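Chemist: Quick one: the structure is below, questions incoming.
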Amino acid sequence: MKALMLSGGRGTRLRPLTYTGAKQLVPVVNKPILWYGIEQIVAAGITDIGIVISPETGDAIRAATGDGAQFGAKITYILQDSPDGLAHAVKVAQPFLGESPFLMYLGDNLIRDELAGFVSEFVTRSLDALIMLKQVPNPTAFGVAVLNSAGQVTRLVEKPKDPPSDLALVGVYLFSPQIHQVIAQLQPSPRGELEITDAIQALVDTGGNVTAETLQGWWLDTGKKDDLLAANQIILDETLSHDIAGTVDDATQISGRVRIGPGTTVVNSTIRGPVAIGDNCHIENCFIGSYSSIAHSVTMIDVEMDHSVVLEGAVIKELHQRIVDSLIGRRARLVHSPKRPKASRFMVGDDCVIELI
């Protein structure tokens, strides 16, 4: 079995952050979102992975992720020239997939459930498709599935105004090679794309054995700032261990689970975990509150922060109001100006310079 990860797309919901980088490389607890999916796929026993990339961000994904050796996998990169739908991505990847069944995983998703059980069920039951679902409170925002009493899929509806169910398609699928024949006959949807929901529906309509499993754990679509912050909080809660590899002076107070990378210096600061701080950072006269992640080579001086994510190379200095619920881009600079508000919320893109007044 092979795996196909989709890492194209323009990341419009995370702009301006994604004007200069791939959304799948935005870190959660200082690790790119894409890598969590790769690790789950490898843990399920699948090591031959194709990653669909776009012309705009493909080089960055290739440079960061490499040939797969660090994950114990072999990665093949597949260029999708234009974002013409998920089924179009499968069509472009057909030379890589060949006649192999495959797991398809959207690269900006995070799920808690392990994949090995789903893979085993798919193989054991000789299914044509197995789709992952999750109950959601707002099904109008997603593609949803209707199931019969046996758990088989009978109908898929994309972002329905009047939802027939609350079971959203998660973005993880297993397919037999039969899906290629179906996609070859697909026509573009009204928005001009080849839709994977249309392909699955066509499998259902032609008698294919299509079933679904509902995830028991959390599912996070990290396409928006607040979703990414929520993912950062959950991953910190579930995975962070206390590990101080940097240099911390005697005036600094650390409580809870805190990870500080090598080469980082912390001076006269208070850090309340869970908090992850990367390598080669300088933290001085700061308060860093729970559920914050600070990437490598960040400088923070005289800053108070809670529940925020700071990306690599950012500089934040002498802000006399607390930063909360914020996402600060790579190499962004936030500096003090004489007048100050009591609190601020930020979504700051890469290479920006902001002066607060």
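The values are calculated or read from the model by the stated rules, or taken from the named source; none is laboratory data. What you see is a predicted model; the values in this text were computed from it and never measured. Here the Cβ is made from the backbone with ideal geometry for all residues, glycine too, and neighbour counts use every protein chain on show. Quick note on the areas: whole protein, heavy atoms, side chains included, nothing else; ligands and nucleic acids left out. Shrake-Rupley method; radii C 1.70, N 1.55, O 1.52, S 1.80 Å.
Chemist: Under a 1.4 angstrom probe, counting protein chains only, how are 84, 250 ranked by accessible area, largest first?
Modeler: 250, 84
Chemist: What distance in nm separates the simple spin-label points at residue 70 and residue 146, each placed 7 Å from Cα in the Cβ direction?
Modeler: Going by the 7 Å Cα→Cβ label model, 4.6 nm.
Chemist: Expressed as a rounded percentage, what relative contact order does the chain have, with Cα pairs under 8 Å and six or more residues apart?
Modeler: For the chain, the relative contact order is 13 percent.
Chemist: Please build a GNM for the chain, connecting alpha carbons under 10 Å apart, and tell me which residue among 83, 190, 27 fluctuates the most.
Modeler: Most flexible of the set in this elastic network: 190.
Chemist: Taking the dipole about the Cα centre of the chain, with the C-beta of Lys and Arg at +1 and of Asp and Glu at -1, give me whichever of 160, 102, 8 is farthest to the positive side.
Modeler: 160
Chemist: Still on this structure, please answer the following. Once you order the gyration tensor axes a ≥ b ≥ c over the Cα atoms, which shape class does the stretch 244-284 get: rounded for a/c under 1.5, otherwise prolate or oblate by comparing a/b with b/c?
Modeler: Oblate shape, in that a/c is at least 1.5 and b/c is the bigger or equal ratio.
Chemist: The stretch 262-287 to the stretch 142-217: how many Å between their Cα centroids?
Modeler: Centre-to-centre distance over Cα atoms comes out at 46 Å.
Chemist: For the chain, what proportion of DSSP beta bridges, expressed in % and rounded to the nearest 5, is antiparallel?
Modeler: Antiparallel bridges: around 25 percent, rounded to the nearest 5.
Chemist: Once the other residues with Cβ under 12 Å from the Cβ of residue 178 are scored (Lys, Arg +1; Asp, Glu -1), what is the net sum?
Modeler: Local charge sum for residue 178: -2.
Chemist: A follow-up question, please. Taking all protein chains together and a probe of 1.4 Å, list 326, 126, 290 from the most accessible to the least accessible.
Modeler: Largest accessible area first, the list is 126, 290, 326.
Chemist: So how do 86, 220, 133 rank on accessible area, 1.4 Å probe, biggest first, that is with the largest at the start?
Modeler: 86, 220, 133
Chemist: Roughly how many debye, to the nearest 20, is the charge dipole of the chain about its Cα centre, given +1 on each Lys and Arg Cβ, -1 on each Asp and Glu Cβ, and no other charges?
Modeler: 640
Chemist: With all protein chains present, calculate the accessible area of residue 291 using a 1.4 Å probe and round the result to the nearest 10 Å².
Modeler: 60
Chemist: Still on this model: Taking H placed 1.01 Å from N in the peptide plane, check which residues at least 5 places from residue 155 or on another chain put their amide H under 5 Å from its amide H.
Modeler: Those qualifying (amide H under 5 Å, at least 5 residues apart or on another chain) are 146.
Chemist: Shifting gears a bit: Of 192, 66, 261, which is the most mobile in a GNM of the chain whose springs link Cα atoms less than 10 angstrom apart?
Modeler: So, out of 192, 66, 261, the one fluctuating most is 192.
Chemist: Right, next: When only C-alpha pairs under 8 Å and at least 6 residues apart count, what is the relative contact order of the stretch 67-172, in percent?
Modeler: 23
Chemist: Does the stretch 151-262 classify as rounded, prolate or oblate by the C-alpha gyration tensor (a ≥ b ≥ c root eigenvalues; a/c under 1.5 gives rounded; else a/b over b/c gives prolate, otherwise oblate)? Walk me through the intermediate numbers first.
Modeler: Working: a/c = 3.05, a/b = 2.98, b/c = 1.02.
Since a/c reaches 1.5 and a/b is larger than b/c, the shape of the stretch 151-262 is classed as prolate.
Chemist: Quote to one decimal, in nm, the extra length available between residue 209 and residue 39 on full extension: 0.36 nm per residue of separation minus the C-alpha distance between them. Walk me through the numbers before you get to the answer.
Modeler: Values: separation 170, 0.36 × 170 = 61.20 nm, distance 2.84 nm.
The residue 209-residue 39 span can extend by a further 58.4 nm.
Chemist: Which one, 292, 184, 324, projects farthest toward the positive side of the charge dipole computed for the chain from Cβ point charges (K/R +1, D/E -1)?
Modeler: After comparing all options, I get 324.
Chemist: Within the stretch 31-64, what residues put their amide N at less than 12 Å from the label point 7 Å along the Cα-to-Cβ vector of residue 81?
Modeler: 55
Chemist: Still on this structure: Where the only charges are on Cβ atoms (+1 Lys, Arg; -1 Asp, Glu), what is the dipole of the stretch 23-151 about its Cα centre, to the nearest 20 debye?
Modeler: Using only the charged Cβ atoms, the result is roughly 240 debye.
Chemist: Given the options 29, 153, 52, which has the most mean-square fluctuation in a GNM of the chain, springs set between C-alpha atoms less than 10 angstrom apart?
Modeler: So, out of 29, 153, 52, the one fluctuating most is 153.
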